[in-house]
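So the structure is just underneath, and the comments pick up after that.
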Amino acid sequence: MHIVDILIGLLIFGYAGYSLVRFTKKAKKGKCATCEVEPTCKTACDDVNWDHVIAEALKK
C-alpha cells in the first residue's frame, strides 16, 4: 500500500513541477505566449492603432 502512495505522490509532484516549468517558459516569452487564444488572436498581440480602435468604439 505504501508503494502506491509514493507513486501517486510522485505523479502529483511531477506534474506540478512540469506545469511550473512550462508556465515559467511561457511567461518569459511575454503576455501573448501565455494567452489561450494566441494562435487565433489578431489584435491583442500585434501593434494596435489605439486611436483607431477608440474612434470606432465612440462611433457606436
Study note, to complete from the structure: Between the modelled labels at I3 and E56 (7 Å from Cα along Cα→Cβ) the distance in nm is 6.2
Review point. Can you put I8, I3 in order of accessible area, largest first, using a 1.4 Å probe?
Key: I3, I8
Point to revise | Whole-Hz ³J(HN,Hα) from phi, Karplus 6.51 cos²θ - 1.76 cosθ + 1.60, for segment 15-24, glycine and proline x | key: 5, 4, x, 4, 5, 5, 5, 4, 5, 5
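The values are calculated or read from the model by the stated rules, or taken from the named source; none is laboratory data. Here the structure is a predicted model, which means the values were calculated and not measured. We place every Cβ from the backbone using ideal geometry, glycine too, and count neighbours over all the protein chains shown. To get the accessible areas, we keep the full protein, side chains included, count just its heavy atoms, and leave off ligands, DNA and RNA. Shrake-Rupley method; radii C 1.70, N 1.55, O 1.52, S 1.80 Å.
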